[in-house]
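Novice: Pasting a structure below so you can have a look.
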Amino acid sequence: MATCEMCGTDRVTTFLSEISGAKLRCCTRCIESNNLTVLERRIPVQTEVRPVLAKSKVYTKNIGKMEKEIASDFHIRIKRARENKGWSARDLAKRTNLRLNDIQKAEAGVQPADNVLEKLAKALDISLFEEAISDPERTIKSPSSRSMTIGDALDEFLGKN
């Protein structure tokens with residue numbers, strides 16, 4: 001798709017035409033209304049369609065990442081370690097190349113990104129992660145008189161039963 005050099009219409013198919021000795025790319029409407037001769041028509045190029053071979057990807061879980069999760073008291077650990085070193089929040093921000101706002105949010109309990117946690121842990125020489133406790137299997141109680149419903153599963157998930 002192109003722009004007609006005669007009428008200025010955008011996104012139209014154009015053909016090379018001769019107008020008073022000048023060669024212009026014109027749309028079909030201009031060619032027909034002005035009885036212009038077409039010098040060149042673009043022939044659509046046929047592209048060869050080849051089947052794409054599907055590559056199978058094997059995804060593996062990062063076992064090391066799964067075994068650790070952020071400590072529930074990470075914000076207390078950060079603040080306590082910073083105060084033990086005698087640093088202000090501004091000092092810690094400068095040493096870790098983070099914004100003061102990020103430090104303040106982390107100390108307030110807002111969980112930052114993992115890379116921010118890693119910087120803080122390294123600068124303060126503390127551990128902010130703990131072993132993950134995973135429970136892959138869980139038994140769900142269901143009334144014996146009927147089968148389990150979605151509502152029963154939701155109640156069980158929310159701890160109502």
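Novice: Are any residues in region 117-148 surrounded by 10 or more Cβ atoms within 10 Å (Cβ to Cβ) and modelled with pLDDT under 65, and if so, which ones?
Specialist: I140, K141, S142, P143 - these are the residues of region 117-148 that are surrounded by 10 or more Cβ atoms within 10 Å (Cβ to Cβ) and modelled with pLDDT under 65.
Novice: Could I ask something else about it? If D102 satisfies all but one of (1) out of contact with any helix residue (DSSP H, G or I) (no Cβ under 9 Å at 6 or more places or on another chain); (2) of a type in the set (D, E); (3) in contact (Cβ under 8 Å) with a residue 12 or more places away in the chain, what's the number of the condition it fails?
Specialist: Unmet for D102, out of (1) out of contact with any helix residue (DSSP H, G or I) (no Cβ under 9 Å at 6 or more places or on another chain); (2) of a type in the set (D, E); (3) in contact (Cβ under 8 Å) with a residue 12 or more places away in the chain: (1).
Novice: Please indicate, with yes or no, whether at least one residue in region 80-88 is acidic (D, E) and either under 30 Å from S127 (Cβ atoms) or at pLDDT 85 or above (or both).
Specialist: Looking for residues that are acidic (D, E) and either under 30 Å from S127 (Cβ atoms) or at pLDDT 85 or above (or both), one finds at least one in region 80-88, hence yes.
Residue by residue, here is whether (1) farther than 26 Å from E131 by Cα; (2) at pLDDT 80 or above; (3) surrounded by 13 or more Cβ atoms within 10 Å (Cβ to Cβ) holds:
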residue	(1), (2), (3)
I19	yes, yes, yes
T28	yes, yes, yes
N35	yes, yes, no
Q46	yes, no, no
R50	yes, no, no
L53	yes, no, no
S56	yes, no, no
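The values are calculated or read from the model by the stated rules, or taken from the named source; none is laboratory data. Just so we're clear, the structure is a prediction, and the values are computed from it rather than from any experiment. When we count neighbours, we look across all protein chains shown, and the Cβ atoms used for this are built from the backbone with ideal geometry, even at glycine.
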